[in-house]
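What follows is a single structure, written as structure tokens, with notes after it.
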Amino acid sequence: MKLSRIGQSLGESVTLKLNATAAAMLKAGEPVIHLGGGEPKSKAPLSVIADVNEILQTREVRYSPAAGLPEMRDAVIKYTKEYYNIDIERKNTCVSSGAKQSLSAALQALVDPGDEVVFPAPYWVSYPDIVNICGGKSVAVHAEDGGLYPTFEDMKSAINGKTKVVILNSPNNPSGVVYSEEFIKSMVEFCEKSDIFLIMDDIYHRLIFDNYERVSCYKFTTKKINESNIIVINGVSKQYAMTGFRIGWAVANPAIIEAISNIQAHLTSGPNVLMQKAAIGAINGPQEGVTELAHQLELNRNVLVEEINKIPNVKLSMPRGTFYSFVDFSAYEKDSVKLALDILEKVKVVTVPGVSFGMDGYLRISYCNSEKDIREGIQRIKKALEE
């Protein structure tokens, strides 16, 4: 049996595999603490339930248009106006089965075999594999100073005539880094001038701490939305604690949206109608839950930093957003897979190896859990390192 190039080259998602491992250990009664996941512990907004129940009561749950329900696209229009201060129309929106599908379809619409896609390291684990599926080449840009924040000059030096797309994810998964206004401004202007598509992966853009200001990429563009080279990816999973609802969206010029829509139509048809109704309820309903989630995550972040600082010879750049920290354990072990497995076996704490995000010697540690679990989890890790 001979599989395709893609079938042979893609591996299992590291994060999903760790989630499954942790679930199996918990089911077996082992005292596992999961500091590897990316799911908020808060509950989905109550406003989503009424909207889902309304359509369920009709018992008529039908196909959705490939680009999403008109009312869901209208919710994206409202969201974009509120958080990006830009007016768009339905033709600028496409709703998908999660932000990951939006990103995948966008790259499929833009990337030909041999094209290069550039993004800063550390990066979200799926970027290279999605680019690979499209036949493109991933170019991960590492900071010249060895840190977690490549500069504009670092990025510029990696871009050449083969570069088709740049991806920016701020706040960043796995590091929690929030890119500066000057950095985003420079990238927007450079990509526009160089005729390069810029994908803004904004899935965490409302989960920012320390009074940092949210920076809209549209603030720096000279092009109107219908001519823009910018594609913004977002969704309800993280900010509304709706990871299982699987609704995301893309905002872009109509030509890109039409291509994304056509790709979706042939791969999955339209996204789930019930889940779109839920997403509409979240976007149009009360927003206090997002503020409360960000506040709780900031408190959890502070607890994690306090405990990490008790471990000698580790380095941590302060996360300014998301649910994640990216901790440098290279003084103890440069092989992050080995380190993560040792910690799991010795002290039953789940972390994610940094090599999956393009930087070995690091572990991604989440602070989604309770304060108690965060403190105990880091204390266990400290014990494992001492042993």
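The values are calculated or read from the model by the stated rules, or taken from the named source; none is laboratory data. Every value quoted in this text rests on a predicted model; they were computed, and no experiment measured them. Every residue, glycine as well, gets a Cβ built from its backbone with ideal geometry; the counts of neighbours run over all protein chains shown. When the accessible area is computed, the model is the full protein with side chains, heavy atoms only, and any ligands, DNA or RNA have been set aside. Shrake-Rupley method; radii C 1.70, N 1.55, O 1.52, S 1.80 Å.
Select the helices (runs of 4 or more DSSP H) contained entirely in the range 6-99, then report the ones holding at least 1 residues which are touching a Ser or Thr at 6+ places or on another chain (Cβ under 9 Å) and either within 27 Å of Glu371 (Cβ to Cβ) or polar (S, T, N, Q) (or both). Result: 14-27, 70-84. Any idea which of (1) crowded, with 21+ Cβ neighbours inside 10 Å; (2) aliphatic (A, V, I, L, M); (3) out of contact with any Cys (no Cβ under 8 Å at 6 or more places or on another chain); (4) closer than 30 Å to Lys164 by Cα is the one Met242 doesn't satisfy? Single failed check for Met242: (4). Across the range 263-276, the qualifying residues are those that are touching a Lys or Arg at 6+ places or on another chain (Cβ under 8 Å) and assigned to a helix (DSSP H, G or I), and the one among them that is most open to solvent (accessible area, probe 1.4 Å) is Met275. Taken over the range 128-147, the criterion of being open to solvent by 20 Å² or more (accessible area, probe 1.4 Å) and not in a loop (DSSP other than H, G, I, E, B) is satisfied by Pro128, Asp129, Asn132, Ile133, Lys137, Ser138, Val139, Ala140.
So that you can scan it fast, the table gives a plain yes or no per residue for (1) in contact with a Lys or Arg (Cβ under 9 Å, 6 or more places away or on another chain); (2) surrounded by fewer than 16 Cβ atoms within 10 Å (Cβ to Cβ); (3) under 27 Å from Ile257 (Cα atoms); (4) among the aliphatic types (A, V, I, L, M):
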{"residue": "Tyr149", "(1), (2), (3), (4)": "no, no, no, no"}
{"residue": "Pro174", "(1), (2), (3), (4)": "yes, no, no, no"}
{"residue": "Glu181", "(1), (2), (3), (4)": "yes, yes, yes, no"}
{"residue": "Tyr204", "(1), (2), (3), (4)": "yes, no, yes, no"}
{"residue": "Ser216", "(1), (2), (3), (4)": "no, no, yes, no"}
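Restricting Val117, Val125 to those that are open to solvent by less than 10 Å² (accessible area, probe 1.4 Å), closer than 29 Å to Asn272 by Cβ and either touching a strand residue (DSSP E or B) at 6+ places or on another chain (Cβ under 8 Å) or not acidic (Asp, Glu) (or both) reduces the list to Val117.
The residue list Gly321, Gly289 contains one member that is out of contact with any Lys or Arg (no Cβ under 8 Å at 6 or more places or on another chain), in contact (Cβ under 8 Å) with a residue 60 or more places away in the chain, closer than 26 Å to Val166 by Cα and not aromatic (Phe, Trp, Tyr), which is Gly321. Filtering the range 100-112 for residues that are over 30 Å from Pro128 (Cβ atoms) and either basic (Lys, Arg) or open to solvent by less than 10 Å² (accessible area, probe 1.4 Å) (or both) leaves an empty set. Candidates Val314, Val349, Val305, Val337: the one that is over 21 Å from Gly146 (Cα atoms), more than 21 Å from the chain's Cα centre (by Cα) and β-branched (Val, Ile, Thr) is Val349.
Cβ-Cβ contacts under 8 Å between residues 6 or more apart (or on different chains), taken from a first residue in the range 371-382 that is in contact (Cβ under 8 Å) with a residue 24 or more places away in the chain and more than 14 Å from Glu30 (Cβ to Cβ) to a second residue that is surrounded by fewer than 16 Cβ atoms within 10 Å (Cβ to Cβ) and among the hydrophobic types (A, V, I, L, M, F, W, C), are listed as Glu371/Leu299.
Counting only helices (runs of 4 or more DSSP H) that sit wholly inside the range 280-387, those with at least 2 residues that are closer than 30 Å to Leu46 by Cα and open to solvent by 70 Å² or more (accessible area, probe 1.4 Å) are 288-308, 371-386.
Yes/no per residue for (1) surrounded by fewer than 22 Cβ atoms within 10 Å (Cβ to Cβ); (2) not small (Gly, Ala, Ser):
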| position | (1), (2) |
| --- | --- |
| Glu227 | yes, yes |
| Ile231 | no, yes |
| Val236 | no, yes |
| Ile247 | no, yes |
| Ala255 | yes, no |
